Each structure stands twice: as C-alpha cells, then as structure tokens.
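Taken together, the values in this text are just the output of simple stated rules run on the coordinates, not laboratory data. The structure displayed is predicted, hence computed values, not measured ones. Glycine also receives a Cβ, built like all others from the backbone with ideal geometry; neighbour counts cover every protein chain displayed.
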Amino acid sequence: MYFDKEKLRALLKWYMQEVGSNLISVLVMSRVGLVIDIITREKEREEEKKFIGAFSALVEVVLRKLTKDFDLGTFGAGTFDTDRYRFIFCESGQEHVLVSIFDNMTLIDTIFPYTYIVADKVARIIDGLPVSPVIPKLSIEKEINHLKKESEYIYKLSLIGDSGVGKTSIVHRYVFEEFSEDYKSTIGTFIMKKECDFEDINTKIRFSIWDLAGQTQFKRIWPEYLANSNAGIMVFDITSRKSFESIDMWYKEIVRVSSSPGLVLILAGNKVDLDEERVVSREEAELMAKKLNVHYIETSAKEDVHLSDLFEWIALQLLERRFSPEDYIVKKNDLDVHKDTQYYISEAQLRMFIHYFNKQHDYAIDEREKIESLRFLELLKKIKKNVL
C-alpha cells in the first residue's frame, strides 16, 4: 500500500501540537491491529517500543469489540478507559482507525472535533486524495472575515445538510473540477480552500470551505464546526424528502451558533441530474426558502450545474456587506463646499459600483435579484450622465 507517509507524519505531529500535552500518543492502525504510523511523546526509542507493546494488544481487542457491537462492521468513534489511559478510536475510512491515547483524566469533549478532522484527513491521505496536513484552530477569532490586504478577504463558508445529499461532491467539483461516484462519507468535517477572483473590481474572496458531516453521531460537535461561519449552503437531495425536511433543523443550528453579523445563507437542491427521481418539487423548495428568508438554487455536482453561480453569488453577497457609505461616498462638507445634505461619488468609485452590480446581475439566481441589480445599474448610469 503506497501513500504519502511524510504528509501523514506531518498531520499527526500537527494534531499532537494542537490538542496539547495530554495527548500521549497517536497511531494509525489497520482494523486488525497493524500499526501504520505512530507518534508518541516518549523521548527514548526503547521506551516507545515498550509503550507500543503495552497497549497494541489492547487496541486490537477493543477494535474487534467496537466493530462487532456496531452495524455494518463500522463504529464511527468510541472511547475506552483504563486506570492510566483514555483512548479515542475514530475510523479513518473502511480499513483504518485513528487511535489517540490521552492521560486518563483528560476531558475529551473539546478534543473530539480535532480528532474527527484528523481522521478524515488520514483517510484521504491513505486514499491518495489531495489534502493539507494543516489543522485549523477551532477557537476561531470572532471575526474571521478580516481584510487580509487591500481588496482581499477571507470568509468561512459551511456546507450543511444530511449525510448523502452531495455536499462533498459539490465541494470537490467546485474546488478540483472533478466528480467521483464513490466519495466516502465525511468524518466530522472536511476543509478546503478556494478563491473567487473578481478582476474587474480588483477584489478576491478567499473561502475556507467546511464540509460538515451530516450523520447524527456527529451532532454534538456541529456547534464547534459551525461557530463563526460567515456563510452557509444548506443542501438537500431533490430525490430525498427526509433530507429536505431536515433543512429547518440545519437552518436553526447554523443561525444559533454562527455568531457572525450578516450571515449569508442559501438553500441548494442538489442532484438535478436525477430529475426523473425527484420527490421535492422546485415550487415546494422555493416556499421553504421564502419561509427561511433565503434564496434557492438547484445544482448538480455530477453535471456541474450552477456550482460556480452558487459560490460566486455567495462571494458577492459577502462583498456587499463590506461596503459602507462612509468608505465610498464623500460629503460636500469634506470638499469645503457649502451644504452638507448632498453627497459626491468619485469616478473611480462609480466605475467600481457599476462593475459590481454588473456582476450581481450576471450571477443573479432569481428574477427578483436581476430586476434589483438592473435598477441599481440604471441609477448609476444616470449619476454618470449627471442626470442625478
């Protein structure tokens, strides 16, 4: 079995650094107990060998028990305590398990979110998929959407929805421009980065995209992952009524924990390539979107339908929230002109706004948005001609 062992080692080191000194050792093992890689805080190699020998037999026994006790030969995650150690077992794909060994007094609720991130990355490294060994901090600053440098912004975008609706497929298609029929379920969350470059308004939006696992076994860690989201895509499968009926729950969850002012949300009905199997009509989905006061769009990761429109629409909504009249308009008073009841806009600012609303029109996802952007464009054109 070939995989990037250096990347795996870098990931495990990052994990050990991130969760702190209570993590004694971390291993990647096969389900039959074969150690693929290990990092431990034991300094002497001989002590490390003794350490491995002391618990490797126990790990194999616990793995067999966990696998036997849960359906389909998989178990998601589990814990096991001895008088000295606290173990967290988290499956990393079908064949491997991430084993984290802590001091027995360790409180693990805040550690689980990191463990799931690492387990997901381990599975992808072993499968040869592109993945970074970097583990993001979950105690994110309250305002992640800071200005990195002039005209370059970073935002956290979360994809939420039930398991199997196609969230991972959407992200892979958008980021890597590829589609696979056999994506594995996300373990906890999977994080990717992507940039939207609006050259004509000299602006870049950088997304940190968090693909959240929809299985209920991960419910207790959803708040950690959704915290400080600047935007969210609520995804359902148009061939699954259950996934559609769960949207209200997902909406309440992200609104409850995001804490970001001006949260941008959109509802996406995925898998329109399976329209003949549709059980949720477009009209029904639009009513749901209206109830939640969000926009609705239909997508297909398989056929790349409306995915660029989806992400670029979100980028433009986030960009719009950066605009402030004080940033772009100057009072006559500031120009030593009598009367402070009128405002001026510079030629450069006017051009920027015209470009911006042209983009808004290009990526509008419903008729109302197109009409609104055209209304602003007409207004700006009148200003340009000194009619207003």
- Positive-end residue, the stretch 275-320 charge dipole about Cα centroid, Cβ charges, pick of Phe311, Leu292, Val280: Leu292
- Query: Which residues in the stretch 231-246 place their backbone N less than 15 Å from a point set 7 Å from the Cα of Glu303 along the Cα-to-Cβ direction?
  - Reply: 238-239
- Among the listed pairs Lys156/Lys219; Lys219/Lys242; Lys137/Lys167; Lys242/Lys302; Lys291/Lys382; Lys204/Lys370, those beyond 26 Å (Cα-Cα): Lys291/Lys382
- Query: Summing Lys, Arg as +1 and Asp, Glu as -1, what charge do residues with Cβ under 10 Å from the Cβ of Phe207 carry, Phe207 excluded?
  - Reply: +3
